[in-house]
Amino acid sequence: MSSLSLSNSRTMPAFGLGTWKAAPGVAYTTIRTALEIGYRHFDCAAIYGNEVEIGQAFRDAFQAGDVRREDLWITSKLWNDHHEQARVREGLQKTLSDLKLDYLDLYLVHWPVAFAHGFSFARNKEQFLTEEQAPLAQTWEAMAQLNSEGLAGSIGLSNHSLAKMDRLTAAVGVAPHVAQVEVHPFLPQIEFVQGCKERKIAVTAYSPLGSRDRHPSMRSPNEPTLLEHPTLLQIAEHHGASPAQVLIAWALHRGTSVIPKSSNPGRLAENFAAQTLSLSEEEIAQLTALGRGYRYVDGRFFCGNGSHHTYESLWA
Ligand code: A2P
């Protein structure tokens, strides 16, 4: 299992399991099965609504002696309604309690978007907090504090541009250890990945398979189907591999961490096996050339309903 060395000398397994959309009633078995297969990196978040169930799976696996806590890399994310400086600790403590852990390996600010406390989704102007009401630098400062106390071994930012990360680094004097963003051949994030490399920030690629199981309200009717692209199918056939395996191998080859989601035992094993698939430089280049700036998770759901965010400002 390959791993990434972070700027704080910690080591993150490059391959992990995404848990967004792991449904209640399914998440528990998914985690136990993934642990049996050999998964050691788990990407969670408060807003996914399944941390209690995932935590039970971890606890039972530890008690059964399947795996030790220190052998796992567990990430979670601060939701938008806990951005106010005084609430960041509460956000982490709730996640730790739900996951039944006493520390996280990595805690991320989920989005550069703040909501009033108690709203899992903002639906009007009052439910969005402005930069003046909840300065992102203060959120980041609180994250750095939790890191210094060891409650989160590493900290980072998800869905933040390089410019936003630079601003926060300068304001607080602490750089993120990890940046998590959507990355796949339709959105190869060439400049972002290079920029993170220069800044010694590890990148985790989310939605690496094109996130087909998103709720219809989050999908645009004409979105392209990554897993069916002819170039991908051709490379997969050449290797006797599945298209998903090729996408995972592409991400690993580019030096990013990658967190494909599956709740299906066969596909969990298939995705895990992709770690040993080796692609040629030419194949990597062919896939990277499919880039078209296409975001499946475009954040437009934060840009209406009286929000002060626009699509442009969100990603700038
Ligand atoms: P399932 O959970 O039924 O396996 P992403 O990681 O980009 O969010 O994509 C997750 C979606 O991809 C889910 O719909 C998941 O379905 C599906 N998926 C996961 N692994 C594979 C695979 N090996 N082949 C095809 N689809 C997959």
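The values are calculated or read from the model by the stated rules, or taken from the named source; none is laboratory data. All values reported here derive from a predicted model rather than from experimental measurement. All Cβ positions, even for glycine, are placed from backbone atoms using ideal geometry, and neighbour counts span all protein chains on display. All accessible areas refer to the heavy atoms of the entire protein, side chains included, with ligands and DNA or RNA removed. Shrake-Rupley method; radii C 1.70, N 1.55, O 1.52, S 1.80 Å.
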Across the stretch 270-287, what is the total count of residues that are open to solvent by 40 Å² or more (accessible area, probe 1.4 Å), in contact (Cβ under 8 Å) with a residue 40 or more places away in the chain and away from the ligand (no atom under 12 Å from the Cβ)? 2
Residue within the stretch 136-151 that is open to solvent by less than 10 Å² (accessible area, probe 1.4 Å), more than 27 Å from ASN305 (Cβ to Cβ) and at pLDDT 95 or above present: yes
From the list ALA137, ALA202, which residue is touching a residue at least 24 places away in the same chain (Cβ under 8 Å), within 22 Å of GLY91 (Cα to Cα) and not basic (Lys, Arg)? ALA137
Residues (open to solvent by 50 Å² or more (accessible area, probe 1.4 Å) and modelled with pLDDT of 95 or more) located in the stretch 215-247: LEU227, GLU228, PRO230, LEU233, GLN234, GLU237, HIS238, HIS239, GLY240
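I need the full set of residues from the stretch 291-309 which are without any contact (Cβ under 8 Å) to a residue 12 or more places away in the chain and either hydrophobic (A, V, I, L, M, F, W, C) or surrounded by 14 or more Cβ atoms within 10 Å (Cβ to Cβ) (or both), in order please.
Matches in the stretch 291-309: ARG300, CYS303.
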Search the stretch 154-164 for residues being outside any loop (DSSP other than H, G, I, E, B) and open to solvent by 10 Å² or more (accessible area, probe 1.4 Å), and hand back the single one that is farthest from GLU131 (Cα to Cα). LEU162
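Given the options VAL172, VAL193, name the one that is surrounded by fewer than 20 Cβ atoms within 10 Å (Cβ to Cβ), over 18 Å from the mean Cα position of the chain (by Cα) and in contact (Cβ under 8 Å) with a residue 24 or more places away in the chain.
Values: VAL193 fails: over 18 Å from the mean Cα position of the chain (by Cα).
Just a single option satisfies the conditions, and that option is VAL172.
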Index of the failed condition, THR33 passing every other in (1) touching a Gly at 6+ places or on another chain (Cβ under 8 Å); (2) under 18 Å from GLN275 (Cβ atoms): (1)
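Give the residues of the stretch 7-23 that are basic (Lys, Arg) and more than 11 Å from the ligand (Cβ to nearest atom), sorted by residue number. Write out each step before concluding.
In the first step, residues of the stretch 7-23 are kept if they are basic (Lys, Arg); the result is 10, 21.
Answer for the stretch 7-23, where residues must be basic (Lys, Arg) and more than 11 Å from the ligand (Cβ to nearest atom): just ARG10.
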Of those in the stretch 19-34 that are more than 13 Å from GLY55 (Cα to Cα) and in contact with a Leu (Cβ under 9 Å, 6 or more places away or on another chain), the residue surrounded by the most Cβ atoms within 10 Å (Cβ to Cβ) is ALA34
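Going through the stretch 24-43 one residue at a time, which ones are within 18 Å of the chain's Cα centre (by Cα) and away from the ligand (no atom under 12 Å from the Cβ)?
Filtering the stretch 24-43 down to residues within 18 Å of the chain's Cα centre (by Cα) leaves 27, 30-31, 34, 39-43.
Within the stretch 24-43, ILE31, TYR39, ARG40, HIS41, PHE42 qualify.
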Say whether the condition of being of a type in the set (D, E, K, R), within 17 Å of THR75 (Cβ to Cβ) and within 13 Å of the ligand (Cβ to nearest atom) is met by at least one residue in the stretch 217-227. no
Residue list for the stretch 228-245, filter: free of Cβ contacts under 8 Å to residues at least 12 places away in the same chain, within 13 Å of the ligand (Cβ to nearest atom) and under 14 Å from ALA274 (Cα atoms): ALA236
Condition broken by THR256, with the remaining ones in (1) closer than 29 Å to ILE201 by Cα; (2) within 13 Å of the ligand (Cβ to nearest atom); (3) open to solvent by less than 10 Å² (accessible area, probe 1.4 Å) satisfied: (2)
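Only one of ARG212, ARG267 is open to solvent by 60 Å² or more (accessible area, probe 1.4 Å), near the ligand (Cβ under 8 Å from one of its atoms) and within 30 Å of GLY195 (Cα to Cα); which? Walk me through how you get there before you give the answer.
Details: ARG267 fails: within 30 Å of GLY195 (Cα to Cα).
The conditions single out ARG212.
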Number of the exception - ARG167 against (1) more than 14 Å from the ligand (Cβ to nearest atom); (2) more than 22 Å from TRP250 (Cα to Cα); (3) not in a helix (DSSP H, G or I): (3)
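Output yes when any residue across the stretch 74-81 is among the acidic types (Asp, Glu), crowded, with 17+ Cβ neighbours inside 10 Å, closer than 28 Å to PRO176 by Cα and over 17 Å from the mean Cα position of the chain (by Cα), and no when none is.
Within the stretch 74-81, the subset among the acidic types (Asp, Glu) is 81.
Imposing the further condition that a residue be crowded, with 17+ Cβ neighbours inside 10 Å reduces the set to 81.
Now drop any that are not closer than 28 Å to PRO176 by Cα, which leaves 81.
This time we only want the ones that are over 17 Å from the mean Cα position of the chain (by Cα), so: 81.
There is at least one residue in the stretch 74-81 that is among the acidic types (Asp, Glu), crowded, with 17+ Cβ neighbours inside 10 Å, closer than 28 Å to PRO176 by Cα and over 17 Å from the mean Cα position of the chain (by Cα).
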